[in-house]
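One structure is given below, encoded as structure tokens.
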């Protein structure tokens, strides 16, 4: 097998193993609850409860349930939602995922578009006022929770000066404010990483050579330094995507966006176990896939790094 | 080399005695003192901790006291007023209870008015922020210590044993790293909330302790990796080999020789983990899955602020002040952590 395929294969196996661990842990946690998921239904006659349990297959022995659920998951079927009647988990995910995805992608773009120039500027003006100011902002951006940023921005741009709609799902204008709040902490990280990476590269011999042969400063920075300086940012993209997924739990709640994050938090609060598990598994798989993608990009950008499973 | 006289040798010796080498800690102190932002942050955090610790002793309104007649009052300068009783406090621990008693004898029935305004139930926001700070800071500290304990022992053992043990232990960390824990923790908190009574009766675990443990158990991974790397590089230094030759036990080598040497990097990661843990607590409480009312934390206050946003009445104080408290504390902790890192390990500067 060629090394690239072997690498992919190995990582795929690791992903399956991780998903299996997550599935097993959440399955047995769910079933460890005394009374089961329908215990809170008030005054349900025993026949009704028995029927419910039969419908969702939780009247069978535990191990059989485990195997059945496992096989169903392998076929890509997350089963029916426990609390949202007439909806399967797949349908809920199919409805929520595109919204969360567009929010997340826009947030990532904002993070890069704000973070990269800030980092490059900071590195060029190292130790000067611009640099200090930008890095102060970056530290604040990393430290502040996104819901604090969101609440203050809502206060200003929705209530005091109504530029943006307060929330909900609609046109592009509904997405700007939430995506900014979601992307801001990652813009801060990107700025810091870019600055560090650029500073390291700008001290290298080949940059001195480029300057010595009379290239303009902008050419030195954009053509020669940027490619190497971006490497730390690329390796940060994996964790950033995971973080944006997490952050959207809060942001979607604040801005009333009916995406996957809202569904997940609701399912956790309503004890809708199948939906919660479906979301956990989906999030895990997404994070894993994104990390894999980032690793591949990294080796393309920096041939010194080999692919290792 | 020409032979030296006795006098000359003695002079050299006394000169050498005068010159004191700079220890790692002294160097670090010198560098730290030059860092303005980190110094200010340190003072801010010390003050905040003192204030939070002594909150029950000071004349603030009881944080959970509902006064429907004072709903949504804007901040106003009513400095001193009368009227609180101990019955208005909920769930006081032993120490806080004693402090409240002491407060009664110190300040009588006087209390500071709602100078930061009140919330939807007429509770004094200033007092809620201070009491919430107690919870948030405590969660940050205790959960970080849990993660420290687990991470340092795991990393130290893994690095010390090396070989296949190290390989296996680090593979486990790798697998755990790739699991997005926050989702699992949310799931876990849901399940645990369900079994709260059972856990409390059978194991004597109350909600807070559970919360500390869950957060602490999530955040040890980075610490374990860092400590392992450090131990791995220290293991083959001469002084460790000397200790081994002299027959020191594994435990003794770990405790006496390795742990003190990884201390500086551990302190740095400790200060950087506290804000992350506090952020996580705020995040969970914000979603309604962390600290539960009537207990109050900064996450709960921030959630309350967002819920109160509406276009008709702008309760800005309710959004702004809890956000500022959380924001300033987290920024200060980050500056302190960065400052300590630059001071203790100047090689890492600009990273």
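With contacts taken as Cα pairs under 8 Å and at least 6 residues apart, chain A reaches a relative contact order of 25 percent. With contributions of -39500 (n - 2.57) from each DSSP H run of at least four residues, the per-residue ellipticity at 222 nm computed over chain A stands at -24000 deg cm²/dmol. Here the mean projected area of the convex hull built on the C-alpha positions of the stretch A:61-158 is 11.4 nm². Diffusion coefficient of the stretch A:118-216 by Stokes-Einstein, Kirkwood radius over Cα pairs, 4 °C, 1.567 mPa s: 82 µm²/s. Take the Cα of residue A:77, go 7 Å toward its beta carbon, and none of the backbone nitrogen atoms of the stretch A:273-297 fall under 14 Å from that spot. The calculated pair-distance distribution of the stretch B:42-348 uses every alpha carbon pair, bins of 10 angstrom beginning at 0, and gives 6, 22, 28, 22, 13, 7, 2, 0 percent. Relative to the dominant Cα principal axis of chain B, helix B:316-344 is inclined by about 0°. Relative contact order for the stretch B:42-348: 22 percent, from Cα pairs under 8 Å spaced at least 6 residues apart, divided by residue count.
Could you please tell me the mean projected area of the C-alpha convex hull for the protein assembly as shown, averaged over all directions and given in square nanometres to one decimal? Each step should come with its number before you reach the end.
Details: hull surface 170.8 nm².
It is 42.7 nm².
Find the centroid of the Cα atoms in the stretch B:70-120 and in the stretch B:140-163, then give the distance between the two in whole Å. If you average the Cα positions of each part, the centres end up 41 Å apart.
Using equal-weight Cα scatterers in the Debye expression, the normalised intensity of the stretch B:69-181 in log10 at q = 0.10, 0.16, 0.19, 0.22 Å⁻¹ is -0.56, -0.85, -1.09, -1.29. Based on Cα atoms of the stretch B:108-174, Rg over Rh with Rh as the Kirkwood radius reads 1.43. In terms of surrounding Cβ atoms within a 10 Å radius of their Cβ, A:263, A:224 rank from fewest to most as A:224, A:263. From Cα pairs below 8 angstrom and at least 6 apart in sequence, can you work out the relative contact order of the stretch A:184-309, rounded to a whole percent? RCO, the stretch A:184-309: 23 percent.
The shape of the stretch A:213-257 can be summarised by an equivalent ellipsoid whose semi-axes, obtained from the alpha carbon gyration tensor, come to 38, 13, 4 Å from longest to shortest. Peptide A:146-156 has a mean of 6 when you count, residue by residue, the C-beta atoms of other protein chains within 10 Å of its C-beta. Note on B:324-332: average number of Cβ atoms from other chains within 10 Å of each residue's Cβ is 4. On the beta carbon distance between residue A:28 and residue A:95, with R0 = 25 Å, the FRET formula returns roughly 0.30. Each listed q (0.10, 0.15, 0.18, 0.19 Å⁻¹) maps to a log10 I(q)/I(0) for the stretch A:150-309, found by the Debye formula over equal Cα scatterers with no solvent: -0.56, -0.95, -1.10, -1.14. Sorting A:198, A:30 by the number of Cβ atoms found within 10 Å of their own Cβ, with the fewest placed first, yields A:30, A:198.
Ranked by the mean number of other Cβ atoms within 10 Å of their residues, highest first, the peptides B:155-161, A:159-165, A:11-17, B:208-214 fall in the order B:155-161, B:208-214, A:11-17, A:159-165. Scale the Cα Rg of chain A by the rule-of-thumb value 2.2 N^0.38 Å and send over the ratio, two decimals. The reported ratio for this selection is 1.24. When A:205, B:345 are arranged by Cβ crowding within 10 Å, least crowded first, meaning fewest neighbours, the order is A:205, B:345. Mean partner shielding of peptide A:185-197, defined as the number of other chain Cβ atoms within 10 Å of each residue Cβ, is 1.
Values in this text are rule-based calculations from the coordinates and carry no lab data. These numbers were taken from a predicted model, which means no experiment stands behind them. Note that we place each Cβ from the backbone using ideal geometry, even for glycine, and neighbour counts take in every protein chain shown.
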